[in-house]
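Enquirer: Take this structure first; my questions come after.
Each value in this text was obtained by applying a stated rule to the coordinates, not by laboratory testing. These numbers were taken from a predicted model, which means no experiment stands behind them. Counting neighbours? That spans all protein chains shown, and the Cβs are built from the backbone with ideal geometry, glycine included.
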C-alpha cells in the first residue's frame, strides 16, 4: 500500500480560500498529514478554474506559484490509460453521484495504490477510501 496522500480539489480550495468555512480545519489537518502529498493535473485545473470563478485570475496564479516550488505537493499527470480507466469507471458507476474528475482521481489512485485522501467530499469515503478529515 502506498503511503501517499491524495489531495482533492475540495481540500485545495479550502486551503487557498481563507473565507472558506473549512479553511481553518484544512490548515490544521495539513500540518498533521504524514506521507508524500500528491494531486493530479486535472485536480489542479479544476481548483484553479474554481478560484478564478470565485475570486480572480491573480488569486489562481498565486496558487499555481506554490506548485513551481518544491513545497511538498507533487502534481501527477493523468495519462491516456488512466483517463480511459476513469471514463470506464464513470460509465460503470451508476449508483453513486460520481463526477468525471472524481472518476479520474479514483482511477489514478487505484493505479498507484493510494488509499488515503485529503478531501471534504463524501464521494471518496463512499468509494471506500480513507478520508481526512474522517467524515460521518
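Enquirer: For the chain, set up a Gaussian network in which alpha carbons nearer than 10 Å are linked by springs, and say which option among 31, 55, 40 fluctuates the most.
Expert: 31
Enquirer: For a quick check: sort 51, 130 by the number of other beta carbons within 10 angstrom, fewest at the front.
Expert: Listing 51, 130 from fewest to most nearby Cβ atoms yields 130, 51.
Enquirer: Taking the chain as a Gaussian network, Cα atoms linked when under 10 Å apart, which of 125, 57, 115 shows the biggest mean-square fluctuation?
Expert: Its mean-square fluctuation being the largest, the pick is 57.
Enquirer: Using a 10 Å cut-off around each Cβ, can you sort 84, 25 from fewest to most neighbouring Cβ atoms?
Expert: On the way: 84 11, 25 14.
Neighbour counts put them in this order, fewest first: 84, 25.
Enquirer: Against the longest alpha carbon principal axis of the chain, how many degrees, from 0 to 90 and to the nearest 10, is the axis of helix 100-112 turned?
Expert: Around 80 degrees separate the two axes.
Enquirer: Further, regarding this structure: Would you work out the Kirkwood radius for the chain? I mean one over the mean of 1/r across all pairs of different Cα atoms, in Å.
Expert: It works out to 15.2 Å.
Enquirer: Who wins for biggest fluctuation among 21, 100, 36 in a Gaussian network model of the chain, springs between alpha carbons below 10 Å?
Expert: Top of the fluctuation ranking is 21.
Enquirer: Can I ask one more? Considering only C-alpha atoms, what is the centroid distance from region 84-136 to region 9-81, in Å?
Expert: Cα centroid to Cα centroid, the span is 17 Å.
Enquirer: Further question on the same structure: Which angle between 0 and 90 degrees, to the nearest 10, do you get for helix 41-54 versus the longest principal axis of the chain when only C-alpha atoms count?
Expert: Roughly 50 degrees between the two axes.
Enquirer: Let me have the relative contact order for region 5-132, percent, based on Cα pairs under 8 Å that are six or more residues apart.
Expert: Reported relative contact order: 29 percent.
Enquirer: Angle between the Cα long axis of helix 80-92 and the longest principal axis of the chain, 0 to 90 degrees, nearest 10?
Expert: Taking Cα atoms only, the helix is inclined about 70 degrees.
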